[in-house]
1. Sort out which residues of region 87-109 are of a type in the set (D, E, K, R) and either open to solvent by less than 40 Å² (accessible area, probe 1.4 Å) or touching a helix residue (DSSP H, G or I) at 6+ places or on another chain (Cβ under 9 Å) (or both), and write them in order of number.
2. Could you give me the residue pairs with C-beta distances under 9 Å whose first residue belongs to region 117-141 and is on the phi > 0 side of the Ramachandran plot and outside the structural domain of A85 (by the TED database), whose second residue is among the acidic types (D, E) and open to solvent by less than 20 Å² (accessible area, probe 1.4 Å) wherever it lies, and which are 6+ apart or on separate chains?
3. Pull up region 365-386, narrow it to residues that are closer than 13 Å to C327 by Cα and touching a residue at least 40 places away in the same chain (Cβ under 8 Å), then point me to the one that is least open to solvent (accessible area, probe 1.4 Å).
4. In this structure, does T209 turn out to be more than 28 Å from K131 (Cα to Cα), open to solvent by 80 Å² or more (accessible area, probe 1.4 Å) and either touching a strand residue (DSSP E or B) at 6+ places or on another chain (Cβ under 6 Å) or modelled with pLDDT of 90 or more (or both)?
5. Just name the residue that is least open to solvent (accessible area, probe 1.4 Å) out of those in region 165-203 that are closer than 19 Å to Y128 by Cα and part of a helix (DSSP H, G or I).
6. If the requirement is being in contact with a strand residue (DSSP E or B) (Cβ under 9 Å, 6 or more places away or on another chain), closer than 24 Å to M279 by Cβ and of a type in the set (A, V, I, L, M, F, W, C), which of these qualifies: V160, V170?
7. Output the number of residues of region 144-194 satisfying the condition of being touching a Leu at 6+ places or on another chain (Cβ under 6 Å) and either more than 21 Å from V74 (Cβ to Cβ) or among the β-branched types (V, I, T) (or both).
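The values are calculated or read from the model by the stated rules, or taken from the named source; none is laboratory data. All values reported here derive from a predicted model rather than from experimental measurement. Cβ placement follows ideal geometry from the backbone for every residue including glycine, while neighbour counts extend to all protein chains displayed. Just the protein is used for accessible areas: all its heavy atoms, side chains included, with ligands, DNA and RNA removed. Shrake-Rupley method; radii C 1.70, N 1.55, O 1.52, S 1.80 Å.
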Amino acid sequence: MAESWPFLDTFEPNFRPLVVIELAKGTKEETIEWFTKRIVDKKANGGEYNMIFCAQLLVKPLVTESGDEHIYLVGASHLRLLLGAETVGLVKECSDNSMRTFTYSSRKTFKDFADDNHNFLTMAECQYIIKHELENLRAKDEKMIPGYPQAKLYPGKSIVRRLLTSGILVQIFPLHDREELKKLRHSWYGRVKVGYQPLDEIRCYFGETIALYFGFLEYFTFALIPMAVIGIPYYVFAWEDYDKYVMFATFNLLWSTVILEVWKRICAIMTYRWGTLLMKRQFEEPRPGFHGVLGINPVTGREEPVYSSIKRQIRIYLVSLPFVCLCLYFSLYVMMIYFDLEQWALDYHEANESNFSSLMLFVPSIIYAIVIEIMNRIYRYAAEFLTSW
């Protein structure tokens with residue numbers, strides 16, 4: 001992939017920025033030095049790429065016109081990306097057209113692989129690998145973030161998450177490649193044509209999730225054409241035989257089921273071809289927000305944060321479950337109050353038969369809608385807090 005950032009001047013001849021890290025303005029120098037050192041430092045000795053204390057990536061500060069150095073560009077060497085592809089369990093196509101989990105030791109058996117082919121991994125895959133490494137960068141012996149004593153750390157705590165919650169790290173986001181984006185724009189919507197969308201190219205640039213979204217929109221648009229063609233006469237002509245409407249409703253019901261089942265098949269074909277259908281998740285790192293002391297995973301043998309299963313069950317059954325039951329009881333109680341208000345409004349209207357009483361019929365529904373919206377916001381906040389806790 002052609003480099004699209006000629007203004008960069010880095011000591012790495014093949015440095016290609018893929019991800020941007022934005023720190024808060026005024027971040028202390030010792031904090032920046034410590035964080036960038038953890039990103040750049042090598043993994044454990046002996047080629048162990050399953051450690052989570054260093055990322056072994058490439059970092060370069062981006063100096064803005066104002067002279068502030070709070071934005072950093074992150075990339076990785078070709079070797080590091082290949083090893084990262086094995087860590088996250090990417091599935092690639094082999095020379096025999098089968099789909100297998102990529103391993104560095106058997107890299108030459110995969111289709112289109114070459115030591116000098118930097119396009120073997122798509123841009124989306126490279127950015128996913130870097131994002132995975134950054135999010136799973138965890139503290140080892142640090143008790144706090146250097147320069148910020150209030151930002152506490154403990155062994156196994158996600159460094160990026162602590163930086164985000166402390167306001168030191170503003171955001172992490174992928175970087176566009178203008179040349180590749182220009183090519184995609186031209187093949188996608190830059191010219192007038194009738195045809196399918198370049199889903200494979202969209203997937204290579206934006207990732208599988210975005211490609212599946214546009215793939216579904218394309219499929220659903222074509223799937224609605226038969227319903228539209230058959231439905232036009234029903235809206236143009238006034239049929240007196242209502243059996244025809246029953247036939248049209250039956251067709252819509254059957255066709256809606258058919259197109260969803262066919263989409264499942266098409267979706268499975270695309271995800272298999274892109275390698276996400278077979279992608280193994282059992283060896284992935286713990287989520288960045290996971291709390292726990294460092295221990296050895298009995299399945300993978302990796303050192304990672306672990307938490308007592310007994311303590312987790314206690315939290316679920318003694319806190320989360322009673323809270324959910326309490327919310328259900330409260331929602332039922334509010335619903336019964338709504339029914340009482342609705343009956344009161346109906347009785348009031350029957351007794352008065354006025355314009356004001358007619359308006360009062362809508363009051364219970366309005367109050368109920370407002371209360372439900374407030375309860376939804378409270379419940380969502382509580383659910384997210386309890387899930388994280």
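1. Selection gives K92, E93, D96, R100, R107.
2. none
3. The extreme case among them is A382.
4. It is false that T209 is more than 28 Å from K131 (Cα to Cα), open to solvent by 80 Å² or more (accessible area, probe 1.4 Å) and either touching a strand residue (DSSP E or B) at 6+ places or on another chain (Cβ under 6 Å) or modelled with pLDDT of 90 or more (or both).
5. I202
6. It is V160.
7. 5
This table checks each residue for (1) out of contact with any Gly (no Cβ under 8 Å at 6 or more places or on another chain); (2) in a loop (DSSP other than H, G, I, E, B); (3) modelled with pLDDT under 70; (4) of a type in the set (A, V, I, L, M).
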residue: D9; (1), (2), (3), (4): yes, yes, yes, no
residue: E12; (1), (2), (3), (4): no, yes, yes, no
residue: V20; (1), (2), (3), (4): yes, no, no, yes
residue: K25; (1), (2), (3), (4): yes, yes, no, no
residue: E33; (1), (2), (3), (4): yes, no, no, no
residue: K42; (1), (2), (3), (4): yes, yes, no, no
residue: A55; (1), (2), (3), (4): yes, yes, no, yes
residue: P61; (1), (2), (3), (4): yes, no, no, no
